[in-house]
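Heads up: the structure comes next, in structure tokens.
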Amino acid sequence: MSWRGWLIVLSGVILAFSAFLFRIYPFLAVTHRVDMSVLVVEGWIHEYAIRAAVEEFRSKSYQRVFTTGGPVEGAGGYINDYNTAASVGADLLRKNGLPNESLQMVPSRVMDRDRTYASAIALQNWFREHNMPVRSINVITEDVHARRTCLLFKKALGHNVAVGVVAVPNPDYDARHWWRYSEGVKDVFAESAAYIYARLFFYPPDSPH
């Protein structure tokens, strides 16, 4: 290959890498709300995101807040509903001022690689068991987890439920320059791989492959 050819290839690589640096974070950390009175909070999120969830509840027209999540990490599996991320998240929401009468925890008993999907299925089952028809929800989660959360909730809840998502940025690094921070690099690369898996290789247990 001539030097001009190598220059074209190198330029293409640089352009592709630059596009990845500047576009991957906003792609993953998407925020897209739908109109609804139901707010879902992933219970595993950190307290800065819990505070954002409380502010979201206060500033919008939500009537109910549901927390989701399975067994807490390090528990070795399901013990009881109060030893789940859903319960931990509900406690933090109360601590930060969310009215208890608006709050409902919906724990999942599943602890495996598909925890977000299992949490969404548990929520769907709760709606069904309590005869609560829901046409749309907004889910609060942390920054780069947002697109995968939205995808898996849509897979779990089906086409009849519109799913919006709110990505809360991590205050520990500048999202515009995430590659300058070790935590930003870890979050973006790990979540990029997880999203590719969820998009291309994950099939719900009852879906045809």
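Remarks
- Our summary gives the chain a relative contact order of 24 percent, counting only alpha carbon pairs under 8 angstrom and 6 or more residues apart.
- Environment charge of residue 61, counting only residues whose C-beta is closer than 13 Å and scoring Lys/Arg +1, Asp/Glu -1: +2
- Residue among 102, 139, 171 farthest towards the positive dipole end of segment 86-209, charges placed on Cβ: 139
- Accessible surface for residue 33 stands near 110 Å², nearest 10, in the context of the full protein assembly shown (1.4 Å probe).
- Ranking of 201, 127, 189 by solvent-accessible surface, largest first: 201, 189, 127 (1.4 Å probe, protein heavy atoms only, all chains present).
- Phi angles across segment 193-198 convert, under the Karplus curve 6.51 cos²θ - 1.76 cosθ + 1.60 with θ = phi - 60°, into 3J(HN,Hα) values of 5, 5, 5, 4, 4, 5 Hz, Gly and Pro given as x.
- The apolar share of the surface of segment 39-195, taken as the fraction of accessible area on carbon and sulfur atoms (1.4 Å probe, ligands and nucleic acids excluded), comes to 48 percent.
- Residues in segment 118-130 carry Karplus couplings, in order, of 4, 5, 5, 5, 4, 5, 4, 5, 5, 4, 5, 5, 9 Hz; the curve used is 6.51 cos²θ - 1.76 cosθ + 1.60 with θ = phi - 60°, and Gly or Pro positions show x.
- For residue 139, the amide hydrogen comes within under 5 Å of the amide hydrogens of 40, 164, 165, 166, counting only partners 5 or more places away or on other chains and with H modelled in the peptide plane.
- Rounded to whole numbers, the Karplus 3J(HN,Hα) couplings from phi for segment 143-157 are 3, 6, 7, 4, 5, 5, 4, 4, 4, 6, 5, 5, 4, 6, 8 Hz, using 6.51 cos²θ - 1.76 cosθ + 1.60 with θ = phi - 60°, and x at Gly and Pro.
- Largest GNM mean-square fluctuation among 120, 162, 29, using the chain with Cα springs under 10 Å: 162.
The values are calculated or read from the model by the stated rules, or taken from the named source; none is laboratory data. All figures in this text were calculated on a predicted structure; none of them were measured in a lab. Glycine also receives a Cβ, built like all others from the backbone with ideal geometry; neighbour counts cover every protein chain displayed. The protein model used for the area step is the full one, side chains on, heavy atoms only, and it has no ligands, DNA or RNA in it. Shrake-Rupley method; radii C 1.70, N 1.55, O 1.52, S 1.80 Å.
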